[in-house]
Structures are given as structure tokens and as C-alpha cells.
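The values are calculated or read from the model by the stated rules, or taken from the named source; none is laboratory data. Quick caveat, the model's predicted, so the values are computed rather than measured. Here the Cβ positions follow ideal geometry from the backbone for every residue, glycine too, while neighbour counts run over all protein chains shown. With ligands, DNA and RNA removed, areas are computed over all heavy atoms of the protein, side chains included. Shrake-Rupley method; radii C 1.70, N 1.55, O 1.52, S 1.80 Å.
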Amino acid sequence: MDAGPAQLAISRVFDAPRALVYRAFTDPDEVAAWWGPIGSERPRDLIEFDVRPGGSQRWIAVAPSDPDLRVQIHIDLTDVADGRLLEGVIHVSGRLQEGIESFETRFRFEFHDEPDGRTRLEIRQWLPEQYVSPSKGGWSEALTKLDALLAARAAPADG
Amino acid sequence: MPAVSRHLNVLEGAALISRTRSGKWRASRLETAPLRDAAAWIERLQRFWDASLTRLDAHLAAVQAAERAAERAANDPKVPDNNVPDKER
């Protein structure tokens, strides 16, 4: 997998023990309660979780105020450390908001203990392929080549 | 100049610039669309997480308040069928 730094990094501390914050991401009833903006809903009977390395999490998000909206979330879990780490790829598809295309993003959620029974959540997400590679080669290759060229120019001349 | 030319080839390959030829001159133009799309995606996700995590914060507070209330009820000697011994205070 891509080892480069994530383009999206979010850190947030919750006044709740780590087990509870981890459960919020791995228990269907919990995810139904909070994931997504206000006004969005996740019908409980459409949530399917199999939380383990190689497992998956699936649900549908709808919004009563916008009947056209029906977002399918499908998470492939590549790494799971109970209570501490979730890692994998989130696939977002279905009928999305206008101007938004389906995408896949690699993600990593880390759960860390903080003093006084609090928990720090670290979210990392990597740009979807369609933005990384607008054409053949893409940014990463282009920037790697540029790095190499600049390094070569900065190095002392031979001889 | 060859080094600059190679840089420009790389940028053109990544669709970050477009180039046109006119006689011996080649004009290069910065293509901002790929960068703009990527920035828009990141901004959208930031808004998504900000809204979601604010909800999560409230949800976690509600869950813990409910747990504390249940615990108090279980420890309340006035509640009938209470088989949890009263804790020392």
C-alpha cells in the first residue's frame, strides 16, 4: 500500500474511555447513532459488520430531507487491533450529492489513551486515486521524479 | 535548460501543466483543475468529520450519562428487588 503521508489528518480528544470510543466505530447500533452530518440516517437493518482483519463494514446513509440521496458505505478492513486500530479502505458509492463522484479512500483510525480517562482519536485518510492520478503517471510519480531531479541538482558536481 | 525541460515534461505527464508550441517557443500553462479537485475533496471530508465527530461527542456524553444513571438506580436502596449492595460512601 501507499506509504506516503495521508492528505487528511484529524485529531480529536473525547471525554470517554477508549473502549467506548472504539465501540462507537465497531458496533452497528453505535455507528447508526452518530456517523454522518445532522439530518442523515443509517437504517439499522441495512448495517452489516464483520469487524476483524480481512472483514468488512457496510451500511446505507439516507436523508429524509433529500430522498434522492442514498449513499453506500463499504469498508474493507485490512488491519484491526481490538480497541486500538482500524485500517483499510472506505468505498463510497450510490446516489451521492450533486457534483460528488464515487470514491475509495485508504484510512486509518487510531484510538489512544489520554489522561483522566479520555481518548484521542487520530483519523488519517489518503486522497482517492482519481485525484492522485489525474492522468498517466499522476502526482506521486511526477513529484518523486522532481524530488530526484532537484536532489541531483543540489548534490555537489561530480569530479 | 535540459533540466527545466525535463521538469516540464514530468509536470505535463501529471496533467499539472499544458503546453503549446508556436515556432521555437513553447508556452506552458499551469492546470489548476487537478489540484482544485483534490483540495475540494479534502475540504469536504474535513467538513464531514467535523459534523460527525461533534455528533459523536454528544453521543458519547449521552451514553455515559445513561450508564451513570443506571448505576445510581442499581445502587439506590429505595428501588425494590435491588440486589446490588449499597456501596460505602
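Every condition in (1) more than 14 Å from chain B (Cβ to nearest Cβ); (2) in contact (Cβ under 8 Å) with a residue 24 or more places away in the chain; (3) loosely packed, with under 12 Cβ neighbours inside 10 Å is met by A:G55 except one, and the failing one is (3). Within the stretch B:1-55, being of a type in the set (F, W, Y) and either surrounded by 12 or more Cβ atoms within 10 Å (Cβ to Cβ) or at the interface with another protein chain (Cβ under 7 Å from one of its Cβ atoms) (or both) holds for B:W41, B:F48, B:W49.
For residues that are under 28 Å from B:A39 (Cα atoms) and among the charged types (D, E, K, R), tally how many sit in the stretch A:2-55. Outline the logic, then answer.
To start, the set of residues in the stretch A:2-55 that are under 28 Å from B:A39 (Cα atoms) comprises A:2-14, A:25, A:31, A:34-42.
Keeping just the survivors that are among the charged types (D, E, K, R) gives A:2, A:12, A:41-42.
The total comes to 4.
Within the stretch A:22-40, residues that are within 23 Å of B:R44 (Cα to Cα) have Cβ atoms under 6 Å from residues that are in a loop (DSSP other than H, G, I, E, B) and open to solvent by less than 20 Å² (accessible area, probe 1.4 Å) in these pairs: A:A32/A:R42, counting only partners at least 6 apart in sequence or on another chain. Here A:A61 meets each of (1) surrounded by fewer than 18 Cβ atoms within 10 Å (Cβ to Cβ); (2) under 25 Å from A:G99 (Cβ atoms) with one exception, condition (1). The condition of being touching a Lys or Arg at 6+ places or on another chain (Cβ under 9 Å), within 22 Å of B:I42 (Cα to Cα), surrounded by fewer than 16 Cβ atoms within 10 Å (Cβ to Cβ) and in contact (Cβ under 8 Å) with a residue 60 or more places away in the chain holds for only one of A:R108, A:R120, A:R95, that being A:R120. The residues in the stretch B:1-33 that are in a loop (DSSP other than H, G, I, E, B) and among the β-branched types (V, I, T) can be counted, and the count is 1.
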